[in-house]
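The values are calculated or read from the model by the stated rules, or taken from the named source; none is laboratory data. Please read all numbers here as calculations on a predicted model, not as lab measurements. Note: ideal-geometry Cβ built from the backbone for every residue, glycine included; neighbour counts use all protein chains shown. Surface accessibility is based on the protein's heavy atoms, side chains included, excluding ligands, DNA and RNA. Shrake-Rupley method; radii C 1.70, N 1.55, O 1.52, S 1.80 Å.
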Amino acid sequence: MPYYRSVGEVPRKRHTQFRQPDGSLYAEELMGQEGFSSDSSLLYHRHAPTAIVAAEEFTPPAFTRVPNLPLKPRHLRTHKLDGTGADPVLGRQYLLANDDVRIAYVLADRPSPLFRDAIGDHCLYVEAGSMRVESTFGTLDVTAGDYVVIPTSTIHRLVPTGDQPVRLLTIEASGHIGPPKRYLSVRGQFLEHSPYCERDVRGPDAPLLVDGEDVEVLVRHRRGWTRHTYAHHPFDVAGWDGHMYPWAFSIHDFEPITGRIHQPPPVHQTFQGPNFVVCSFVPRKVDYHPDAIPVPYNHHNVDSDEMLFYTGGNYEARRGSGIEQGSISLHPSGFTHGPQPGAAERAIGVDFFDELAVMVDTFRPLDLCDAATACEDPGYAWTWARRA
């Protein structure tokens, strides 16, 4: 994350003696990216974070990937996947994936196990409900409209809160997720043209200091999954500081960039990951040239697949195609896509779009997973051939 935070108790100097009330040393842990060459944080544990007493292979819920064949646009209705009794980690129903990113949907009503993903960062979007993110860094409460970025290898659990289950779109990277570099100064400060800034970002504000022995943690790593049993609870951190920690940002705090004529999707970019980007489409005033056509023009992104998750309002360009709350459209490279028939004419003279959507553009093709097949609308690809 682009700015420094200090939470709980930390010593004045790094890597110096820091003692607990009983006189014993706190166990210092450095979590850092790219070896010792990028963002990091220092955490101070009551017990050794290295002390495990058991390790066994773990078999997670399985899913398969198949190519998008025949090549065509797809419409997935995620609310058709509704179920009960799921947790926000093991209950994820995978929809789309390639070697850079895995996209899933989950309706969760119970806490997840403690979990560490050693493959990459997670970006979670809360469609509905509320949730508490507990981690070695403390607690972060999130609600509908929040993005949550969880750094690689952070031990955490997700706890639904409130009276209703939480609905999540999950984006799991094989690498790191952060703000686009063009929004940041050379020292990591958000620049004036950025659509959000440090004031919009939330992080954990107090340690959890949980005690316990023989605590199980599920770990996804580059060779599979393992269940570790730790001698002491990993949430025994008395304090930490640095630039690497879970953080949240509300889509409602994204300030849209508009112009006299239609602006391309990069103005909506919110995050970047390895070979993919995440964009936010929010309610906004639209094009104000007297001859403007506010909806997108037909376009063929020759290098990327485009996935759009519809999470509120009315998406003008897709009216008449069956798009609804929780819908996902997939427009693959190799296919020219654009507004539904009649949408361009209807949009002329409109000065405001009331829409909310999350887009993921990938630079390698997305495969279809089991859950995508289960909730696909088979007629979507042909909706351009008839008038709405």
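What are the aspartates and glutamates whose alpha-carbon lies under 14 Å from the alpha-carbon of Lys285, with same-chain residues fewer than 8 places away excluded?
Glu255, Glu316, Asp351, Asp354, Glu355
Place a +1 charge on the Cβ of each Lys and Arg in region 220-300 and a -1 charge on the Cβ of each Asp and Glu, then give the dipole magnitude about the Cα centre in debye, rounded to the nearest 20. Don't skip to the end; give the middle numbers.
Working: 7 positive and 6 negative charges, 93 e Å.
Here the size comes out at about 440 debye.
Under 37 °C and 0.692 mPa s, how fast does region 94-138 diffuse according to Stokes-Einstein, given a Kirkwood radius computed over C-alpha pairs? Answer in µm²/s, whole number.
Using the Kirkwood radius from Cα pairs, D works out to 256 µm²/s.
Taking one equal scatterer on every alpha-carbon of region 260-314, how large is log10 of I(q)/I(0) by Debye at q = 0.15, 0.22, 0.32 1/Å?
-0.54, -1.08, -1.42
Counting only other residues whose beta carbon sits under 11 Å from that of Ser40, what net charge do I get with K and R as +1, D and E as -1? Each step should come with its number before you reach the end.
Numbers: positive: Arg14; negative: Glu29, Glu34, Asp39, Asp241.
Charge balance in the 11 Å sphere: -3.
Just the ratio, please: alpha-carbon radius of gyration of region 1-116 over 2.2 N^0.38 Å, N its number of residues. Display every interim value, and only then the final one.
Details: Rg = 21.2 Å, N = 116, 2.2 N^0.38 = 13.4 Å.
This ratio for region 1-116 stands at 1.59.
Which three extents, in angstrom, do the Cα atoms of region 16-74 have along their principal axes, listed largest first?
Taking max minus min along each principal axis of the Cα atoms, region 16-74 gives 66, 31, 19 Å.
Once the cut-off is 16 Å, how many percent of the Cα-Cα pairs in region 175-236 end up in the long-distance tail?
I get 67 percent for the Cα pairs in region 175-236 exceeding 16 Å.
Cα atoms only: what Rg and Dmax, in Å, come out for region 60-145?
14.5, 46
Give the lysines whose C-alpha is closer than 26 Å to that of Lys80, dropping any in the same chain fewer than 8 places away, or say none.
Hits, sequence-local ones excluded: Lys72.
Modelling each spin label as a point 7 Å along the Cα-to-Cβ direction, I'd like the Glu198/Ala385 distance in nm, to one decimal.
A separation of 5.6 nm, rounded to one decimal place.
Can you tell me the FRET efficiency between Glu324 and Arg222 if r is taken as the Cβ-Cβ distance and R0 is 41 Å, rounded to the nearest 0.05? Don't jump to the answer; show the numbers that get you there.
Details: r = 38 Å, r/R0 = 0.92.
Calculated transfer efficiency: 0.60.
Whole number please: convex hull volume per residue, Cα atoms of region 62-214, in Å³.
On the way: hull volume 25.4 nm³, N = 153.
Spread over its residues, the Cα hull of region 62-214 gives 166 Å³ apiece.
For region 292-378, take the alpha-carbon Rg, divide it by the Kirkwood Rh, and send me Rg/Rh. Don't skip to the end; give the middle numbers.
Details: Rg = 13.6 Å, Rh = 14.0 Å.
Ratio of gyration radius to Kirkwood radius for region 292-378: 0.97.
Given a 1.4 angstrom probe, I'd like the percentage of the accessible area of region 51-150 that is carbon and sulfur, rounded to a whole number.
Numbers: 1920 of 3650 Å².
Percent of accessible area from carbon and sulfur atoms in region 51-150: 53.
Using 7 Å Cα-to-Cβ label points, what is the Lys80/Val267 separation (nm, one decimal)?
3.5
Given a 1.4 angstrom probe, what's the average accessible area per residue across the chain, in square angstrom? Walk me through the numbers on the way to the answer.
Details: 17400 Å² over 388 residues.
I get 45 Å² per residue for the chain.
Using r as the Cβ-Cβ distance of Thr229 and Glu9, and R0 as 35 Å, what FRET efficiency do you calculate, to the nearest 0.05? If you can, show how the numbers build up before the last one.
Values: r = 28 Å, r/R0 = 0.79.
Calculated transfer efficiency: 0.80.
Could I get the Rg over Rh figure for region 239-387? Both from C-alpha atoms, Rh via Kirkwood, rounded to two places. Could the numbers behind the result be given before it?
Numbers: Rg = 16.6 Å, Rh = 16.8 Å.
On the Cα set of region 239-387, Rg over Rh gives 0.99.
With a Förster radius of 30 Å, plug the Cβ-Cβ distance of Leu90 and Leu191 into 1/(1 + (r/R0)^6) and report the FRET value to the nearest 0.05. If you can, show how the numbers build up before the last one.
Numbers: r = 40 Å, r/R0 = 1.32.
With a Förster radius of 30 Å, E is 0.15.
Would you tell me the accessible area of Thr362, worked out with a 1.4 angstrom probe on the heavy atoms of the protein chains, in Å² to the nearest 10?
That residue has around 0 Å² of solvent-accessible surface.
In nm, to one decimal, how far is the Val302 label point from the Asp211 one, both placed 7 Å along Cα→Cβ?
If labels sit at Val302 and Asp211, their model points lie 6.5 nm apart.
If you wrap a convex hull around the C-alpha atoms of region 115-173 and split its volume per residue, what is the figure in Å³? Don't skip to the end; give the middle numbers.
On the way: hull volume 3.7 nm³, N = 59.
Cα-based convex hull of region 115-173, divided per residue, equals 64 Å³.
For Cys375, what accessible area in Å² do you get when you roll a 1.4 Å probe over the heavy atoms of the protein chains, rounding to the nearest 10?
Cys375 has an accessible surface of roughly 10 Å² with all protein chains in place.
Report Rg(Cα)/(2.2 N^0.38 Å) for the chain, keeping two decimals.
Working: Rg = 22.0 Å, N = 388, 2.2 N^0.38 = 21.2 Å.
Computed over Cα atoms of the chain, the ratio equals 1.04.
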